[in-house]
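The values are calculated or read from the model by the stated rules, or taken from the named source; none is laboratory data. Predicted, not measured: the structure shown is a model, and the values here were computed from it. All Cβ positions, glycine included, derive from the backbone under ideal geometry; neighbour counts span all protein chains shown. Each accessible area value is taken on the protein alone, full model and side chains, heavy atoms only, with ligands, DNA and RNA left out. Shrake-Rupley method; radii C 1.70, N 1.55, O 1.52, S 1.80 Å.
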Amino acid sequence: MKTIDKIPTGKIGRTTELVKTGFKIGGNYLKHYSKKAFNPDLTRDELDEDNAADIYDGLKNLKGSALKVAQMLSMEKSLLPNAYVEKFSLAQFSVPPLSAPLVRKTFYKYLGDYPENIYDDFNLNSVNAASIGQVHRAQKDGKKLAVKIQYPGVANSISSDLAMVKPVAMKMFNLQGKDSDKYFKEVEGKLIEETDYLLEMKQSIEISEACKHIPNLGFPKYYPDLSSEKIITMDWMEGLHLSEFTKTDFSKEQGDQIGQALWDFYMYQMHKLKAVHADPHPGNFLITPKNKLIAIDFGCIKQVPEEFYKPYFELAVPENINNKEFFLQKLKELEIIVETDTKREIDFFSNLFYEMLSLFTSPFHNESFDFSDETFWSKITDLSEKYSKDTELRKMNGNRGSKHFLYINRTFFGLYNLLHDLKAEVKINNFKEL
């Protein structure tokens, strides 16, 4: 794969790259409508594929938060056309890596020496590259190591990247006024945290220690003396990325076993630690040859405050959802219903969230749940389509819900998708015994 010698870090350079992408997309639409004039039955499939490819090609050169957005979108399988999901999923662990000279320069800047002098052996060619950093193989004192290096300039471009994305996001989600700032600040804060590798290493060690007793779950060991704010050194773990594993001919027993470890890991974090690994995409998990789940990235950890946790999970209980007065009170506590709402807005959003929560919390309503159940996924797709086409919703102010919904909902959507890929049936309350 071609390597990168330089990443645009200034606002002008990054904006220019996005403008070039915009021109390509405009050309794709012209081509599509020219063909459609001669073939009225032509679908959008080719247009979606061309647009997804051009958007991804533009973002992969920018890396950082711009590419992270694509990675996050790839997890929304029920919201995006399949062409976008497939292309954006490459952002999880397959983008052009940094060149060898840039890798050596980064080491010298942040560890004070070149990698060949720090490790007994270091491969300057990365084994995978994602949105914020890339991973290299190394050895020291007989140990096989994985060394993650952050791309230069990523942290400095987060604010300007989000400023470019903000107008599009506000239009897509019908956000209005300054009330929407809390959501963008939440995303910006988390992205900034993800570029602090000293924080990531601290979080990695803490969660690894707290969750090491969970059956069939493992973590690498981390090496602070070989790490810095832009470099992390950890044990090299053998295994397939979860997305690669789910393409193999695995058995139901294997899928259930790995899925149970994944579910227990997330429920233990959510309910016992009140802090959760909020980036559940396949690139952050490995499956070992012995079918053990390995968690390898803790850059995005979401703290779950009690004032959000309590009403959020109270609404996972069917009796509470069906108690109209109680339900409305919890919607207010979660900032879904606000004081300035009209009766029309209260009725509309109460009905919308009743439908959503009844469906999305259904895995919690029984002792076990089968995530391979296509009926469940069809209902999610149908609900997404219903509200994406709802003209009434477009007239409403989309500033709904606590800022904490962003990463908690992302966590559950990602977790559900991974469990679906594993075709796993899990015991819902198993974590309580851990």
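When N counts the residues of region 192-338, how does its alpha-carbon radius of gyration compare numerically with 2.2 N^0.38 Å, as a ratio?
1.24
Taking a probe of 1.4 Å, how large is the accessible area per residue of region 195-245, in Å²?
Heavy-atom SASA per residue in region 195-245 reads 41 Å².
Using a probe of 1.4 angstrom, how much of the accessible area of region 328-434 is carbon and sulfur, in percent?
51
Asn128's amide H: which non-local residues (gap 5+, or another chain) put their own amide H closer than 5 Å, with H modeled 1.01 Å from N in plane and none for Pro or chain starts?
Sorted by chain and number, the residues that satisfy this are Val135.
Among 257-269, 99-111, 190-202, what's the highest-first ranking by average C-beta atoms within 10 angstrom per residue?
257-269, 190-202, 99-111
Which GluC sites (Glu not before Pro) in region 242-310 pass both tests, a DSSP loop state and at most 13 other beta-carbon atoms within 10 Å?
Nothing satisfies the criteria.
Want the number for Arg344 to Lys105: 0.36 nm per residue separation, take away the alpha-carbon distance, what's left?
Gain on extension, Arg344 to Lys105, equals 80.1 nm.
What full-extension length gain, to one decimal in nm, is calculated for Glu229 and Ala210 as 0.36 nm per residue of separation minus the Cα-Cα distance?
Result for the pair: 4.5 nm of gain on full extension.
Under 5 Å between amide hydrogens, which residues at least 5 positions from Lys144 or on another chain qualify, with H placed 1.01 Å from N in the peptide plane?
Amide H to amide H, under 5 Å and 5 or more residues apart or across chains, Lys144 pairs with Trp236.
If packing is taken as the mean number of other Cβ atoms within 10 Å per residue, what is the order of 354-364, 231-241, 414-424, highest first?
414-424, 231-241, 354-364
Please give me the summed charge of the neighbours of Ile321: other residues whose Cβ is under 11 Å from its Cβ, Lys and Arg +1, Asp and Glu -1.
Here the charged neighbours net out to -1.
What net charge do the residues around Glu200 carry, taking every other residue with its C-beta under 10 Å from that of Glu200, with Lys and Arg at +1 and Asp and Glu at -1?
Result for the local shell: -3.
Can you list the trypsin sites (Lys or Arg not before Pro) in region 210-259 that are in a DSSP coil and have 15 or fewer other beta carbons within 10 angstrom?
Lys212, Lys221, Lys247
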